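Colleague: Shown below is the structure under consideration.
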Amino acid sequence: MSEQSDFPLPEITPLTEPYWKALSEGRLTFQRCGSCGAAWLPARAECARCLGDELGWETASGRGRLVSWVVYHHAFHKAFAQRLPYNVAIVELEEGPRLITNIVNPQAGLAVDRPVQLVIEQEHGVALARFRVV
Amino acid sequence: MRGNIVIAGIGQTAFGKLPGRSTISMNVEACRKALADAAIDKSVVDAVFVKYPSSRFEGKYGQKVAEALGLQPRIGGVWDQAGASNISMISFAAMAIEAGQCEVALACFADNPNTGSRKVFERSLGDEAAYGWFGVTAGYAMIARRHMAEYGTKHEDLAAVAIACRRHGAANPNAQLRSPLTLERYMSSRFIVEPLRRDDCCLLSDGGAAVLVMSARRARELGVAHPVPILGFGQGQTSWEVPQRPTLTSTCAAISAQTAFRMAGVGLKDIDVAQIYDCFTITVLMTLEDYGFCKKGEVGHFVREGRIEIGGELPINTSGGLLSETGMGGMQLVLEGVRQMRGSATLQVPGARKCVVSNQGGIMHTHSTLILANE
């Protein structure tokens, strides 16, 4: 099970721990700036709009749109060699933040700006935020 | 400042596979040849600007290069804007000369990922590695997909860039990849990260390149034979990582070009030849749009039917670019710009009087622009 032992798990830090904990509990969360209201992912220590440091967590609706996607035909990490070809996508949540993800039903047809819905899946003991096109 | 500063000499190593050569050694060879090209002694050099090797960051690298050159510069060090660094270093050298901080500057770059390590170009992109998000190619592919979707840009448009660069590289005896490319062969080449194919991706190369920068007055005093005036330069920084970038299909290359053209006091129509950073074919398409050579979304039409090949309206990358000459971080494009302005390029654009050169780095995070003249 070399894929198991070599899988690139997220590095959980004090900054990102709330995000991964919420995801493991079935909630996709993002940061909201307490000063200016800007919404952010991935987690950051200061708001890049107003530079304030009072960032709280909110739960996302899980609705978003597909900004772009690619299909890997070459594995840059051996843990993904068995999955080729696989997709990686950028999704924009309806609350604003954008994240890197995978689309779980590419056979349904991918197109930019197509609506997507959150699907939380377990991967090597970690909950990941994936999406399906709807 | 327009035209007050010149590129007085250029030098380069061989390109391709240079096993056993350190990047320091390649930098020294490139600088030695730039000094020889200008026919001046190294003792007049009082500034050394260095881009660190992209494949391996190393502290105090600028000082290590200066030591290997036997110099104690008044100004020196490493400048990091990834692939935009080389033109930016030339512009900082020009500003330092104007400010009286130095008189004669070497700017140089060398790297050896071909015989060394290419890991840096394939690394995971943070916590997102769990989703399989790896490698520089994927970032450019993400941008290319969005550009294709928004503007109807076609694989044939990407191919036009690769075909032009490969045609020009085939004529360059120093180029690493000298096989021309047909549309048929392009379309049948495999995807690396779709929508980008192998032929959309630049080479991995060992090599070094250097330029010597000084005032036009100093060049006259030193009897430099072929000084090429710098008319303008600019920079722009998109900065945001690709997923967080508010728009994927344009970059701050536009700001960089506006700054450079305003400084130069010339317009796009004055440009006879262009060296456009071509780490991936999509980069060239978007740079041509962001510079204003065509409207956003119309670049497919602009690059078709050989318009960017030698003999066309705007020949680009006349020595082959990163796709064919060498995959290094951009200084070699400046060298070709200088050769075009001297009239000494292998694929010389007849009567070329103005050349624009672009550098960019990261995944379109940084951009820099240089405008050279023959006057």
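The values are calculated or read from the model by the stated rules, or taken from the named source; none is laboratory data. Please read all numbers here as calculations on a predicted model, not as lab measurements. All Cβ positions, even for glycine, are placed from backbone atoms using ideal geometry, and neighbour counts span all protein chains on display. When the accessible area is computed, the model is the full protein with side chains, heavy atoms only, and any ligands, DNA or RNA have been set aside. Shrake-Rupley method; radii C 1.70, N 1.55, O 1.52, S 1.80 Å.
Colleague: How far is it, in nm, from the label point at residue B:60 to the one at residue B:25 when both lie 7 Å from their Cα along the line to the Cβ?
Modeller: Label at residue B:60, label at residue B:25, 2.3 nm between them.
Colleague: Right, here's the next one. What nm distance separates the two modelled labels at residue A:25 and residue B:239, each placed 7 Å from Cα along Cα→Cβ?
Modeller: With each label placed 7 Å out from Cα toward Cβ, I get 3.4 nm.
Colleague: Skipping prolines and chain starts, which residues have an amide H placed within reach, meaning under 5 Å, of the one on residue B:232, given they are 5 or more residues away or on another chain?
Modeller: Result for residue B:232 returns B:371.
Colleague: What Kirkwood Rh does the stretch B:222-262 have if only Cα atoms enter the pairwise 1/r average? Answer in Å.
Modeller: For the stretch B:222-262, inverting the mean 1/r across all distinct Cα pairs yields 12.6 Å.
Colleague: Counting residues in the stretch B:129-197 as N, plug N into 2.2 N^0.38 Å and put the Cα Rg over that result.
Modeller: 1.28
Colleague: Once you place label points 7 Å from the Cα toward the Cβ at residue A:134 and residue A:38, how far apart are they in nm?
Modeller: Reported label-point gap for residue A:134 and residue A:38 is 2.9 nm.
Colleague: If you project the alpha carbons of the stretch B:16-63 onto the principal axes, what extent comes out on each, in Å, largest first?
Modeller: That gives 31, 25, 13 Å along the principal axes, largest extent first.
Colleague: Any idea what Rg and Dmax come out to for the stretch B:329-373 if you just take the C-alpha atoms, in Å?
Modeller: Spelled out, the Cα radius of gyration and Dmax of the stretch B:329-373 are 11.6, 35 Å.
Colleague: By how many nm would the segment from residue B:80 to residue B:41 lengthen if fully extended, with 0.36 nm per residue of separation less the alpha-carbon distance? Could you put the intermediate results ahead of the total?
Modeller: Working: separation 39, 0.36 × 39 = 14.04 nm, distance 2.80 nm.
In short, 11.2 nm is gained.
Colleague: Let me ask something else. Could you please state, rounded to a whole Å, how far the C-alpha centre of the stretch A:91-105 is from the C-alpha centre of the stretch B:97-125?
Modeller: 35 Å
Colleague: Ratio of alpha-carbon Rg to the 2.2 N^0.38 Å globular estimate for chain A, to two decimals, please.
Modeller: 1.11
Colleague: Also, I was wondering about something else. Distance between the C-alpha centers of the stretch B:1-19 and the stretch A:7-33? Whole Å please.
Modeller: Comparing the Cα centres of the stretch B:1-19 and the stretch A:7-33, I get a distance of 48 Å.
Colleague: To the nearest 0.05, how large is the calculated FRET efficiency for residue A:82 and residue B:269 if R₀ is 41 Å and r is the Cβ-Cβ distance?
Modeller: The formula returns an efficiency of 0.15 here.
Colleague: On to the next question. Write down the percent of antiparallel bridges among all DSSP beta bridges whose residues are both part of chain B, to the nearest 5.
Modeller: Around 75 percent of the beta bridges assigned by DSSP in chain B are antiparallel ones.
Colleague: Mind grabbing the interface size between B and A? I mean buried accessible area, both sides, 1.4 Å probe, in Å² to the nearest hundred.
Modeller: 2800 Å²
Colleague: What relative contact order, as a whole-number percentage, does chain B give when Cα pairs under 8 Å and 6 or more residues apart are counted?
Modeller: On the way: 935 pairs, mean separation 95.0, N = 375.
Contact order relative to length: 25 percent.
Colleague: Please check which bits of the stretch B:273-287 a label hung off residue B:375 would reach, taking the label as a point 7 Å along Cα-to-C-beta and the cut-off as backbone N under 19 Å.
Modeller: B:273-275
Colleague: Between residue A:120 and residue B:298, how high is the FRET efficiency from 1/(1 + (r/R0)^6) when r is the Cβ-Cβ distance and R₀ = 35 Å? Nearest 0.05.
Modeller: Values: r = 42 Å, r/R0 = 1.20.
It comes out at approximately 0.25.
Colleague: For chain B, report the % of Cα-Cα distances exceeding 27 Å. Write out the running numbers ahead of the final one.
Modeller: On the way: 29429 of 70125 pairs.
Value for chain B (Cα pairs over 27 Å): 42 percent.
Colleague: Run the dipole for the stretch A:5-47 about the Cα centre, Lys and Arg Cβ at +1, Asp and Glu Cβ at -1, nothing else charged, and hand back the magnitude in debye, nearest 20.
Modeller: 240 debye
Colleague: Take every DSSP beta bridge with both residues inside chain A and express the antiparallel ones as a percent of the total, to the nearest 5. The partial results should precede the final answer.
Modeller: Values: 30 of 31 bridges.
Counting DSSP beta bridges with both partners in chain A, the antiparallel share is about 95 percent.
Colleague: Still on this structure, please answer the following. If you stretched the chain out fully between residue B:262 and residue B:122, how much longer would it get, using 0.36 nm times the residue separation minus the C-alpha to C-alpha distance?
Modeller: Contour length minus the Cα-Cα distance gives 46.6 nm.
Colleague: Can you give the helix-only mean residue ellipticity at 222 nm for the protein assembly as shown, where every DSSP H stretch with n ≥ 4 adds -39500 (n - 2.57) and the sum goes over all residues, rounded to the nearest 500 deg cm²/dmol?
Modeller: Rounded to the nearest 500, it is -8000 deg cm²/dmol.
Colleague: Considering the alpha-carbon set of the stretch A:54-133 alone, what are its Rg and its Dmax in angstrom?
Modeller: My reading of the Cα-based Rg and Dmax gives 13.4, 42 Å.
Colleague: In whole percent, how big is the carbon plus sulfur part of the accessible area of the protein assembly as shown, probe 1.4 Å, protein atoms only? Write down the numbers at each step before the final one.
Modeller: Values: 9750 of 19310 Å².
Carbon and sulfur: 50 percent of the exposed surface of the protein assembly as shown.
Colleague: Counting partner chain Cβ atoms within 10 Å of every residue's Cβ in A:73-84, what's the average?
Modeller: 5
Colleague: Report, please, the projected area of the stretch B:1-117 averaged over directions, based on the convex hull of its C-alpha atoms, in nm².
Modeller: Orientation-averaged projected area of the Cα hull: 7.1 nm².
Colleague: Further question: Please sort through the DSSP H helices of chain B and keep those with an alpha-carbon extent of at least 18 Å along the long axis and a Kyte-Doolittle average not below 0.5.
Modeller: Span-like helices in chain B: B:85-98.
Colleague: Solvent-accessible area per residue for the stretch B:252-328 at a 1.4 Å probe radius, Å²?
Modeller: Each residue of the stretch B:252-328 exposes 31 Å² on average to a 1.4 Å probe.
Colleague: In debye, nearest 20, what is the charge dipole magnitude of the stretch A:10-133 about its Cα centre with +1 on Lys and Arg Cβ and -1 on Asp and Glu Cβ, if you could check?
Modeller: That gives the stretch A:10-133 a dipole magnitude of about 440 debye.
Colleague: Note every residue of the stretch B:109-137 with a reduction of at least 20 square angstrom in accessible area, all protein chains present versus the isolated chain, computed with a 1.4 Å probe, or write none.
Modeller: Buried by 20 Å² or more upon assembly, which counts only protein chains, are B:122, B:127, B:128, B:129, B:130, B:131, B:132, B:133, B:134.
Colleague: Sticking with this structure for a sec: Keeping all protein chains in the complex and leaving out DNA, RNA and ligands, what accessible area do you get for residue B:17 with a 1.4 Å probe, in Å² to the nearest 10?
Modeller: 140 Å²
Colleague: What is the calculated FRET efficiency for residue A:11 to residue B:179, with r their C-beta to C-beta distance and R₀ = 41 Å, to the nearest 0.05?
Modeller: Approximately 0.45, to the nearest 0.05.
Colleague: While we're looking at this one, here's another question. With +1 assigned to the C-beta of every Lys and Arg and -1 to the C-beta of every Asp and Glu, and no other charges, what is the dipole magnitude of the protein assembly as shown about the Cα centre in debye, to the nearest 20?
Modeller: For this selection, approximately 800 debye.
Colleague: Below 8 Å, C-alpha to C-alpha, sequence gap of six or more: please give me the relative contact order for the stretch A:10-133 in percent.
Modeller: Reported as a whole number, the value is 21 percent.
Colleague: Okay, moving on. What is the pair-distance distribution P(r) of the stretch B:98-155, computed from all Cα-Cα distances in 5 Å bins starting at 0, with each bin given as a whole percent?
Modeller: 4, 13, 13, 12, 12, 13, 10, 10, 8, 5, 0
Colleague: Also, I was wondering about something else. Kirkwood hydrodynamic radius of the protein assembly as shown from all distinct Cα pairs, in Å?
Modeller: Roughly 23.7 Å, rounded to one decimal.
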